[in-house]
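Data first, discussion second: the structure below is written as structure tokens.
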Amino acid sequence: MSPEPRTPAQYWDTYKPYRGTGEQPAPEVGRFEWTQYPGHGPGAEVLGRPRRALDLGPAEGREAVFLARQGVATTGVDLSAAQVDRASRWWKDTPGLEFVHAEAVDYLTSNTTPLDAVYSVWGAVWFTDPELLFPLVAQNLTPGGIFAFSQAEPSPGAYGPQPMHGKWLEGRESELTVLRWQYTPQTWADLLKRHGFTDIDAHILPPPGGEGLGTLLVRTHRPV
Ligand SMILES: C[S@@+](CC[C@H](N)C(=O)[O-])C[C@H]1O[C@@H](n2cnc3c(N)ncnc32)[C@H](O)[C@@H]1O
């Protein structure tokens with residue numbers, strides 16, 4: 001059994017573990033998925049036609065691979081060294097794609113390459129204080145650039161930074177509390193507006209057939 005994680009990075013090292021033997025095979029990359037239900041909801045068109053994109057918290061890196069295969073120069077930035085190592089190994093032969101081991105706020109603070117799209121699929125945006133992150137995302141985007149993210153729909157009545165719990169943490173509960181930020185779509189829209197974003201669409205995409213967890217999907221722009 002792996003030791004109890006003591007930092008968020010160690011916690012995320014254990015995300016999507018491989019229980020087989022030998023080298024773990026790379027996952028299939030079908031389409032760009034914003035939800036946990038394959039083929040459900042919109043795909044990469046949410047990001048427009050970027051030349052350069054940044055994935056905040058890619059883990060396995062499937063969405064970043066999808067974009068790179070479409071000719072988008074894509075960087076995936078992840079806090080977990082294990083996730084970055086694994087993704088870098090799997091996708092090393094994909095042109096226009098790189099994975100960087102860094103915390104999202106740190107990366108955006110020092111990055112000097114303008115980005116046409118910044119996105120996060122159930123990734124770092126969910127686990128980072130938006131008051132810190134949003135100004136940096138705006139600063140890194142080109143004028144008219146797109147910022148989009150998805151995460152689980154908020155549980156009613158639990159807003160702001162929430163300690164993580166839920167069945168996907170089974171067997172990994174520890175003294176470490178990892179926070180995730182959840183708000184209603186209207187509150188996300190207000191936050192983004194306050195940080196200078198425009199043309200904001202924040203909504204809950206219901207699960208297929210109305211069964212299960214919906215997805216919060218947010219798309220906005222840096223003003224031209
Ligand atoms: C729930 S996983 C989602 C991964 C992937 N986007 C997916 O859809 O499968 C969250 C990912 O975000 C990364 N992450 C969390 N907080 C982060 C931060 N502050 N900076 C960079 N990456 C972060 C974690 O290491 C993890 O790989």
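Taking each residue as 0.36 nm, the span from Glu131 to Glu28 lengthens on full extension beyond its C-alpha to C-alpha distance by 33.6 nm. Taking each residue as 0.36 nm, the span from Asp85 to Glu45 lengthens on full extension beyond its C-alpha to C-alpha distance by 11.6 nm.
Taking 7 Å steps out from each Cα toward its Cβ at Arg6 and Gln139 produces label points 3.1 nm apart. Amide H contacts for Gln182 (H built 1.01 Å from N in the peptide plane; partners 5 or more residues away or on another chain; cut-off under 5 Å): Gly160, Gln162. Surface composition of the chain: carbon plus sulfur atoms hold 53% of the accessible area, using a 1.4 angstrom probe and ignoring ligands, DNA and RNA.
Every Cα-Cα pair of segment 103-221 was included, and the share exceeding 18 Å stands at 53 percent. When the chain is treated as a Gaussian network with alpha carbon springs shorter than 10 Å, the biggest mean-square fluctuation among Ala104, Ala44, Ala53 belongs to Ala44.
The heavy atoms of His221 present about 30 square angstrom of accessible area, all protein chains included, probe 1.4 Å. Of the beta bridges in the chain, as assigned by DSSP with both residues counted there, near 45 percent are antiparallel.
Placing dummy labels 7 Å off each Cα toward the beta-carbon, the span from Arg19 to Gln70 is 3.4 nm. Under a 5 Å amide H cut-off, with hydrogens placed 1.01 Å from N, Gly76 pairs with Asp55, Glu98, Phe99, Val100 among residues at least 5 apart or on other chains. Phi-derived couplings, Karplus 6.51 cos²θ - 1.76 cosθ + 1.60 at θ = phi - 60°, listed residue by residue for segment 199-211: 6, 8, 10, 10, 8, 9, 8, x, x, x, x, x, 10 Hz, with x used for Gly and Pro. In sequence order, segment 21-37 has phi-based couplings of 10, x, 6, 5, x, 5, x, 5, 10, x, 10, 7, 10, 9, 10, 8, 10 Hz under the Karplus curve 6.51 cos²θ - 1.76 cosθ + 1.60, θ = phi - 60°, and Gly or Pro positions carry x.
For segment 103-221, what does the accessible surface come to per residue with a 1.4 Å probe? Please give it in Å².
45
Backbone phi angles across segment 91-106, fed through the Karplus curve with coefficients 6.51, -1.76 and 1.60 (θ = phi - 60°), yield HN-Hα couplings of 10, 4, 9, 8, x, x, 10, 9, 10, 10, 8, 6, 7, 4, 5, 4 Hz in residue order; Gly and Pro are listed as x.
The values are calculated or read from the model by the stated rules, or taken from the named source; none is laboratory data. Every value quoted in this text rests on a predicted model; they were computed, and no experiment measured them. Ideal geometry is used to build each Cβ from the backbone, glycine not excepted, and the neighbour counts take in all protein chains shown. All accessible areas refer to the heavy atoms of the entire protein, side chains included, with ligands and DNA or RNA removed. Shrake-Rupley method; radii C 1.70, N 1.55, O 1.52, S 1.80 Å.
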